[in-house]
Amino acid sequence: MKGFWRDAVEFFPILMNGVALTIVVTIGSLLLSTVLGLIWAMMRVSGIKALSMISASLINVIRGIPIIVLLFYLYFVMPDLGVTLSALQAAILGLGVAYSAYQAENFRAGIEAIDKGQIEAAQSIGMGWWLTMRRVVLPQAVRIVLPPYGNVMIMMLKDSSQASTITVAELALQGKLIASSTFKNTSVFTLVALMYLTMSIPLILLVRHFEKRAGKR
Amino acid sequence: MIELNDVHKSFGENEVLKGITASVQKGEVVCIVGPSGSGKSTILRCINGLESYDRGEISVEGLKVDRDAPSIVNIRTQVSMVFQRFNLFPHRTALENVIEGPLFVKKEPRAQALERGRALLAQVGLAEKADAHPPQLSGGQQQRVAIARALAMQPKAILFDEPTSALDPELVGDVLGVMRKLADDGMTMVVVTHEMGFARDVADRVLFIDGGVIVEQGPAKALLNQPQHPRTQDFLRRVLHPL
């Protein structure tokens with residue numbers, strides 16, 4: 001145990017560099033997946049057949065490819081096609097696109113859960129599609145969507161570790177590098193696990209808060 | 001001002017409107033009565049384009065109702081609707097519900113919309129509930145807010161789709177009272193209802209609908225007191241004397 005604390009003090013600063021990158025990757029891909037997910041969801045519920053079909057197929061293609069393969073594709077294959085991305089860019093893009101499919105399905109479920117009468121009421125006062133979405137449907141859907149959205153945030157935090165496979169020196173990769181050069185596997189990976197857990201706990205509490213609030217109505 | 005000419009409408013195999021021809025004059029109160037599933041609500045929903053129709057023509061002030069044409073927005077701002085289940089926006093206060101249309105559809109200045117909104121809530125007897133959210137209001141209060149919301153669009157006519165059917169019996173009177181006042185003020189109203197007392201006292205004309213056709217129509221008192229058609233007689237007997 002004493003050894004662990006000594007190791008912890010020694011490795012903590014290096015691992016914090018990893019934590020910083022983990023946070024960058026998580027937030028970056030979270031924002032991207034939210035925007036893309038919203039776009040896919042809006043296409044799905046637009047009522048325009050072509051748009052909804054494009055979106056549905058896109059979601060299925062994205063869902064059918066493992067995140068790690070998507071990352072390899074962006075980082076190793078895209079340069080052959082003339083598009084060179086930094087490891088960080090590829091990680092954010094890959095995770096963002098991969099998770100946009102889940103976000104889209106979540107958003108769509110939230111939008112479709114809104115009572116049809118709400119949409120009719122909006123139409124009956126002369127609102128068009130976009131105004132109905134913006135003023136009536138989306139504000140109500142947010143309440144429904146937030147708890148699962150919080151869960152996606154937690155999953156993305158943990159899945160950001162997959163960026164290590166394309167050389168992004170986030171927390172998991174930093175840990176692996178230290179472990180392989182010091183052979184202090186137990187100390188290092190215990191520390192890494194604790195740091196992920198520490199980052200997850202505020203998110204877990206946030207989800208609980210969302211769920212309580214959603215339950216109130 | 002509202003004209004229906006041989007309107008047909010089917011849901012799949014089921015033809016719910018089999019040639020409805022009727023008209024509503026300015027300032028007139030027309031009640032539509034009839035058994036459940038007879039197509040009463042569908043008529044209202046076709047008039048403001050919440051539902052499409054297959055054949056015939058509906059026009060409002062000479063403008064053809066076509067739910068896929070841009071002109072439908074124009075029609076909907078002239079013909080408001082009050083729903084059976086209120087359909088207030090639960091995430092907004094009573095006052096916000098009322099000013100939503102004026103503010104975002106009609107682009108009224110905020111101060112003016114607020115002032116009118118408060119006046120309308122006062123008109124339906126809910127001035128003190130302006131800041132309450134719909135879930136905090138009783139069904140009768142919610143429906144009165146919904147009427148204020150419809151009025152806020154300054155419509156030429158209001159369609160009421162069974163406005164008191166979802167209410168506890170003791171709350172029905174408040175809503176009917178507000179509607180009666182509107183009628184007295186000369187508002188053009190088309191009301192689908194099971195409240196025969198309201199139809200008799202307030203309506204100018206009553207249409208009795210069964211099986212997707214107008215079986216009988218005429219001045220309210222005459223039709224409800226001396227129905228001519230056997231189906232009307234049978235329906236009224238069962239509604240007025242259920243035991």
Checklist outcome for this item: Proxy exposure order for A:T198, A:T190 (fewest C-beta within 10 Å first) is A:T198, A:T190
Checklist entry - Roughly how many nanometres apart are two label points built 7 Å out from the Cα toward the Cβ at A:I204 and B:D234? => result 6.7
Checklist entry - Using the Cα gyration tensor of the range A:4-52, with a ≥ b ≥ c the square roots of its eigenvalues, what is the shape: rounded (a/c below 1.5), prolate (a/b larger than b/c) or oblate (neither)? => result prolate
Checklist entry - In straight Cα distance, which aspartates and glutamates are under 14 Å from B:K26, not counting same-chain residues fewer than 8 positions off? => result B:E3, B:E61, B:D184, B:D185, B:D204
Checklist entry - Roughly how crowded by other chains is peptide A:124-134, in terms of the mean Cβ count from those chains within 10 Å of each of its Cβ atoms? => result 6
Item to check | the range A:160-210 and the range B:76-102: distance between their alpha carbon centers, rounded to Å | outcome: 50
Next on the checklist: Restricting to bridges with both residues inside the protein assembly as shown, how much of the DSSP beta-bridge set is antiparallel, in percent to the nearest 5?
Outcome noted: 55
Checklist entry - In degrees, nearest 10, range 0 to 90: what is the angle between the Cα axis of helix A:138-159 and the longest Cα principal axis of chain A? => result 20
Checklist outcome for this item: Mean other chain Cβ within 10 Å across B:101-108 is 3
Item to check | Among A:L70, A:V35, A:N106 the positive-end extreme of the charge dipole of chain A (Cβ point charges) | outcome: A:N106
Checklist entry - Taking a spot 7 Å from the Cα of B:L63 along the direction of its beta carbon, which residues of the range B:137-156 have an amide N less than 20 Å from it? => result B:149-156
Next on the checklist: How high is the relative contact order of chain A? Use alpha-carbon pairs under 8 Å, at least six apart in sequence, and give a whole percent.
Outcome noted: 30
Checklist entry - Which whole number gives the average, over all residues in B:78-90, of C-beta atoms from other chains lying within 10 Å of the residue C-beta? => result 4
Item to check | Rounded Å value of the spacing that divides the Cα centres of the range B:13-42 and the range B:177-243 | outcome: 12
Next on the checklist: So for each of A:179-189, A:87-97, B:194-204, B:17-27 I average, over its residues, the number of other beta carbons within 10 Å; can you give me the resulting order with the highest mean first?
Outcome noted: A:87-97, B:194-204, B:17-27, A:179-189
Checklist outcome for this item: Note to self, chain A gives a 222 nm [θ] from helices alone (DSSP H runs n ≥ 4, -39500 (n - 2.57) apiece, / all residues, nearest 500) of -27000 deg cm²/dmol
Checklist entry - Relative to the longest principal Cα axis of chain B, at what angle does helix B:169-184 sit, 0 to 90 degrees, rounded to 10? => result 90
Checklist outcome for this item: Computed over chain A: longest principal axis from alpha-carbon atoms vs helix A:2-45 long axis, angle to nearest 10 degrees, is 20
Checklist outcome for this item: Of the listed links A:K176/A:K212; B:K9/B:K129; B:K40/B:K64; A:K116/B:K9; B:K18/B:K156, those spanning more than 32 angstrom between alpha carbons are A:K176/A:K212; B:K9/B:K129
Item to check | Computed over the range B:1-152, the ratio Rg/Rh where both radii use C-alpha atoms and Rh is Kirkwood | outcome: 1.01
Item to check | the range B:43-126: relative contact order as a whole-number percent, Cα under 8 Å and 6+ apart | outcome: 18
Checklist outcome for this item: chain B: relative contact order from alpha carbon pairs under 8 Å, six or more residues apart, as a whole percent, is 26
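Throughout, read-outs are computed from the coordinates displayed, never taken from laboratory work. Computed from a prediction, not measured in an experiment: that's the story for all the values here. All Cβ positions, glycine included, derive from the backbone under ideal geometry; neighbour counts span all protein chains shown.
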